[in-house]
Amino acid sequence: MQAAEQRKLLNALIPVCRAAGELILDIYHSDFEVRGKADASPVTEADEKAEAIILSELAKLTCNFPVVAEEACAAGIVPEIGDCFWLVDPLDGTREFVNRNGEFTVNIALIEHGRPILGVVLAPALGELYAGSLADGAFFESVTGREPIHVRTPGEQGLDVLASRSHGDEQALKQLLSGRKIHKLVNAGSSLKLCLIAAGKADIYPRQGRTMEWDIAAGHAVLAAAGGQVQTFDGGPLRYGKPGFENPHFVASGAEPFF
């Protein structure tokens, strides 16, 4: 996809994410109900209504790409995908949403030939937006304006490691990091972990638990646009459009690959 088309689509996604984020915040400040899905993960009306907004707005775009969306897939609505398709997680970090700690995000990414080429991650409760494309790089946007972001090279004091706030295996993480110099370990929720690496605020995020493609695609797009990568444990790049859309274990990293 040409740079001009990437730029046009990315600019179109930002108001879509913000509209979904406004609806989510309205529900966030209400007495909402939490239900369980078939895989025992939580779901709220915020997930479902935000996804409805996103699907409606994506259908209005001139490109006619299939949309793989979390709640639709949970309901058995899985489209045929081609070389290009959207991945949508309307509310990543539902546990953070339920716990009202603010670390939840709206996520939209475009996949081309198995890799994320552009994406937007909005944290509505924090007033933070991360976005980027392979054509134009990545940026951070808040009430104070927009600024470009880039990954960093780890410092001499060691790696700043991000871990999941709601999912994690401390022993497995310790084994993976064995032999590496660690500066500090920080817990964070949702796809924000990938964005923090993209913004040069951390070095790696290992994930050894179950994730789906829509959980991380937008964050991966921002990270790739900022100069980082996501690798599977065999050292190869994490790819998208896999059967079942489930990810293997992976490590997201900044300027220096982990493997």
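The values are calculated or read from the model by the stated rules, or taken from the named source; none is laboratory data. These figures come from a predicted structure and were not determined experimentally. No Cβ is skipped: glycine too gets one built from the backbone with ideal geometry, and neighbour counts run over all protein chains shown. Accessible surface areas use protein heavy atoms only, side chains included; no ligands, DNA or RNA. Shrake-Rupley method; radii C 1.70, N 1.55, O 1.52, S 1.80 Å.
Any residue at all in segment 72-83 that's closer than 26 Å to K242 by Cβ, open to solvent by less than 30 Å² (accessible area, probe 1.4 Å) and modelled with pLDDT under 95? So far as segment 72-83 goes, yes, one or more of its residues are closer than 26 Å to K242 by Cβ, open to solvent by less than 30 Å² (accessible area, probe 1.4 Å) and modelled with pLDDT under 95.
Wholly within segment 88-181, which strands (runs of 3 or more DSSP E) include no fewer than the required count, namely at least 3 residues that are touching a helix residue (DSSP H, G or I) at 6+ places or on another chain (Cβ under 9 Å) and of a type in the set (A, V, I, L, M, F, W, C)?
Because the criterion is at least 3 residues that are touching a helix residue (DSSP H, G or I) at 6+ places or on another chain (Cβ under 9 Å) and of a type in the set (A, V, I, L, M, F, W, C), the strands (runs of 3 or more DSSP E) in segment 88-181 that meet it are 105-112, 115-123, 137-142, 159-164.
Is there a residue in segment 7-25 that is buried (at least 16 other Cβ atoms within 10 Å of the Cβ), touching a Cys at 6+ places or on another chain (Cβ under 8 Å) and of a type outside the set (K, R)? Yes, some residue in segment 7-25 is buried (at least 16 other Cβ atoms within 10 Å of the Cβ), touching a Cys at 6+ places or on another chain (Cβ under 8 Å) and of a type outside the set (K, R). Applying the criterion of being surrounded by fewer than 13 Cβ atoms within 10 Å (Cβ to Cβ) and hydroxyl-bearing (S, T, Y) to the residues of segment 143-199, the residue that is modelled with the highest pLDDT is T153. Scoring I27 on the criteria (1) at pLDDT 90 or above; (2) outside any loop (DSSP other than H, G, I, E, B) leaves a single failure, condition (1).
Filtering segment 212-246 to residues that are free of Cβ contacts under 8 Å to residues at least 40 places away in the same chain, assigned to a loop (DSSP other than H, G, I, E, B) and buried (at least 21 other Cβ atoms within 10 Å of the Cβ) leaves only L238. Of all the residues in segment 76-87, those that are assigned to a loop (DSSP other than H, G, I, E, B) and touching a His at 6+ places or on another chain (Cβ under 9 Å) number 1.
Scanning segment 113-148 for residues that are free of Cβ contacts under 8 Å to residues at least 60 places away in the same chain, touching a Lys or Arg at 6+ places or on another chain (Cβ under 8 Å) and within 25 Å of A46 (Cβ to Cβ) yields a single hit, F140.
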